[in-house]
Amino acid sequence: MTYDAIIIGMGIAGISAAIYAKRGGLNVLILEKERPGGIINIIDNVENYPGYTSISGPDLSMKLFEQINALEIPYQMEEVIELSVDQEEKIVKTTQNTYRAKNVLIATGRSPILLDLPNIDQLIGKGISTCALCDGALYKGKEIAVVGGGNSALQEALYLSKLVKKIYLIHRRNEFRASEELIKRIKKCPNVEFVYNSQVTNLQTENGVLSGIEINQEKKIPVSALFIYIGYAPKTDFASALNITNPAGYILVDDNYETTVPGIYAAGDIIIKKVYQIVTAAAEGASAAIHFSRQK
Ligand code: NAP
């Protein structure tokens, strides 16, 4: 069987595309390796998505998933390991199956980047985290550090400030790149200490658990956790043979969100663009689906 469209990724871009494709009469399948909602799942509070004054990331993810079920859009929880082209058809290989489609939309998003420090991987879940919503409660009443100066770092530090005793907010420059609104709010938090012009240069452990961090190869700060928000890396390894990415792994698309390979589209955080927001990802997924629905 050949699908009209296969959508890889069940985040906001993939779900928006699936809604438009299904309502456009296409025979569509979504493939997702983990859970619906993608990166939205690790956002504690979404306040800039129209229709919701405030909604938690997991709640928004569930609402998106409800819409997929209400429209009876088929999905499989399978990891895609290879995407290739066979004449007009696209071949999508997962760990379990091989699917064929006329169109494929890549909406696999990005994963958090970790600091390049020795033994950091072994400390994930033992003091190192990239998800305040998942792990913040473990550090109630403790002193912790957050690293990064963008919207993610400040937004998640705001959430953590309500749980922990103190946050050292460590940034490598002396000004944040986050929005003015977030900067204003974080500066009002009495338990946040700003550590500017600073890099985490080492991690200290006790009994296999994080006990502190070293800053700029000199100062040591005892902390129970380090939350890292220094950006994200795209997930496009499975499409490497198609030559549709830049050296960093982001996909180049045209105005219709189509790549240089006809019938292969991309939307959301995976593409090269200026604005990485939930609302832009939704619009890109919808635009891609409208385009390939009209090609039918
Ligand atoms: P980001 O905007 O790329 O910021 C990453 C931060 O980490 C920057 O401050 C950067 O410092 C710092 N950094 C990068 N590499 C580092 C390293 N090796 N060591 C120390 N610091 C390092 O990433 P983000 O905050 O995750 O945001 C990603 C995108 O999602 C953005 O477009 C953002 O606007 C969007 N977003 C929006 C919202 C919202 O609207 N509420 C929330 C979250 C994310 P420099 O500043 O010096 O480069």
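To put it simply, the accessible area of the chain at a 1.4 Å probe is 47 percent carbon and sulfur. Around Glu181, under 14 Å between beta carbons, what's the net of Lys plus Arg minus Asp minus Glu among the other residues? Within the 14 Å Cβ shell, the charges total +3. What the chain shows is 49 Å² of accessible area per residue, with the surface traced by a 1.4 Å probe over protein heavy atoms.
Does the chain come out rounded, prolate or oblate, given a ≥ b ≥ c as the square roots of the eigenvalues of its C-alpha gyration tensor, rounded meaning a/c under 1.5 and, failing that, prolate meaning a/b above b/c?
Prolate shape, in that a/c is at least 1.5 and a/b is the bigger ratio.
Cysteines in the chain that lack a partner Cβ within the 4.7 Å cut-off: Cys189.
Taking the chain as a Gaussian network of alpha-carbon nodes connected by springs under 10 Å, the highest mean-square fluctuation of the residues Glu181, Glu34, Glu47 belongs to Glu181. Secondary-structure-derived ellipticity at 222 nm for the chain, considering helices only, amounts to -6500 deg cm²/dmol, per-run term -39500 (n - 2.57) for DSSP H runs with n ≥ 4. The residue list Leu115, Pro247, Pro234 was ranked by how far each Cα lies along the charge dipole of the chain toward its positive end, using unit charges on Cβ atoms, and Leu115 comes out on top.
The values are calculated or read from the model by the stated rules, or taken from the named source; none is laboratory data. Note that this is a predicted model, so its numbers are computed, not measured. In this analysis, Cβ positions are derived from the backbone assuming ideal geometry, glycine residues included, and neighbour counts consider all displayed protein chains. Ligands, DNA and RNA are excluded from the accessible area calculation, which covers all protein heavy atoms including side chains. Shrake-Rupley method; radii C 1.70, N 1.55, O 1.52, S 1.80 Å.
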